[in-house]
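Asker: Take a look at this one; I'll ask things after.
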């Protein structure tokens, strides 16, 4: 019993020590347990399954805008990583940009550069610069390897739960259930959700730099998020949310714009 517990509690610590990565620009150390080749393979598979299940827009003007913004942001991301001496982190990215005909107010970038923009977000982005805010943010998640970090966090939380279950094995089923449920709540609020908010703030910061480097004025991020805030419905308290509260996000972005302007290359 003692040896098993020791292994279960020491193993995650060893993983933490041996599986660290660094986020570009912020230099934050992150956990990266999943081989990147596996992340890219899963991403490509899931992306093409999604394309088979979701209608791709046939609007030539809107599709061209998504493709144009995507290409500009991707080029900026590769240049950004090259300047940071980290070209190898994106060398296996195979960029792909699709406009999905769906009223969902969302966009995403999977590991490896697989991007989807839903038509439902276009009335909020309004124009090419507004769209660059969103695409820059999503691409930032990918080059920061936030997807790998989230999967790694879930693995660590799962290992902790297994260890707790073993430690409580001599207790009644009811007692074990109560403690394990508390562990699940505690790890979510105390560990996974705060890191999700950190990732969102990092994606805002890196995304502003990417859009600026691509020739889009980062000042457009503030009115974009103000419009997004008006669109949103009731939200949970910030400490229970994976995203920062809109007011906090806008204040944070306003403080980040001077840094982003250092990357600004005006188009034309």
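Asker: Determine whether segment 147-156 contains at least one residue that is crowded, with 19+ Cβ neighbours inside 10 Å, modelled with pLDDT of 95 or more and either out of contact with any strand residue (DSSP E or B) (no Cβ under 7 Å at 6 or more places or on another chain) or in a loop (DSSP other than H, G, I, E, B) (or both).
Answerer: No, the conditions are met nowhere in segment 147-156.
Asker: Being more than 26 Å from residue 38 (Cβ to Cβ), within 20 Å of the chain's Cα centre (by Cα) and at pLDDT 95 or above is the filter here, so list the residues in segment 82-116 that pass it.
Answerer: 99
Asker: Could we say that residue 140 is farther than 19 Å from residue 196 by Cα, surrounded by 19 or more Cβ atoms within 10 Å (Cβ to Cβ) and either in contact with a helix residue (DSSP H, G or I) (Cβ under 6 Å, 6 or more places away or on another chain) or at pLDDT 95 or above (or both) here?
Answerer: no
Asker: Also: Among the residues that make up segment 118-125, is at least one of them surrounded by fewer than 23 Cβ atoms within 10 Å (Cβ to Cβ), in contact (Cβ under 8 Å) with a residue 60 or more places away in the chain and farther than 18 Å from residue 208 by Cβ?
Answerer: Within segment 118-125 (the criterion being surrounded by fewer than 23 Cβ atoms within 10 Å (Cβ to Cβ), in contact (Cβ under 8 Å) with a residue 60 or more places away in the chain and farther than 18 Å from residue 208 by Cβ), the answer is yes, since at least one residue qualifies.
Asker: Of the conditions (1) surrounded by 15 or more Cβ atoms within 10 Å (Cβ to Cβ); (2) touching a helix residue (DSSP H, G or I) at 6+ places or on another chain (Cβ under 8 Å); (3) over 20 Å from residue 43 (Cβ atoms), residue 63 clears all except one; give me its number.
Answerer: Tallying (1) surrounded by 15 or more Cβ atoms within 10 Å (Cβ to Cβ); (2) touching a helix residue (DSSP H, G or I) at 6+ places or on another chain (Cβ under 8 Å); (3) over 20 Å from residue 43 (Cβ atoms), residue 63 fails exactly one: (2).
Asker: Right, here's the next one. Quick check on segment 222-268: of everything there that is in contact with a helix residue (DSSP H, G or I) (Cβ under 6 Å, 6 or more places away or on another chain), under 19 Å from residue 106 (Cα atoms) and outside any helix (DSSP H, G or I), which residue is modelled with the highest pLDDT?
Answerer: 245
Asker: Further question on the same structure: So residue 51 ticks every box in (1) over 26 Å from residue 202 (Cβ atoms); (2) part of a loop (DSSP other than H, G, I, E, B) but one. Which box is left unticked?
Answerer: (2)
Asker: Taking the condition within 13 Å of the chain's Cα centre (by Cα) and either modelled with pLDDT under 85 or surrounded by fewer than 14 Cβ atoms within 10 Å (Cβ to Cβ) (or both), does residue 159 pass?
Answerer: Taking the combined requirement at face value, the residue does not satisfy it.
Asker: Inspect segment 68-81 for any residue being modelled with pLDDT under 95, assigned to a helix (DSSP H, G or I) and surrounded by 13 or more Cβ atoms within 10 Å (Cβ to Cβ) and give the result as yes or no.
Answerer: The answer is no; no qualifying residue exists.
Asker: Can you pull out every residue in segment 24-60 that is modelled with pLDDT of 90 or more and touching a helix residue (DSSP H, G or I) at 6+ places or on another chain (Cβ under 6 Å)?
Answerer: Of everything in segment 24-60, those that are modelled with pLDDT of 90 or more and touching a helix residue (DSSP H, G or I) at 6+ places or on another chain (Cβ under 6 Å) turn out to be 25, 26, 57.
The values are calculated or read from the model by the stated rules, or taken from the named source; none is laboratory data. Keep in mind that this is a model prediction, so the values were computed, not measured. A quick note on method: Cβ atoms are made from the backbone with ideal geometry, for glycine too, and the neighbour counts reach across all protein chains shown.
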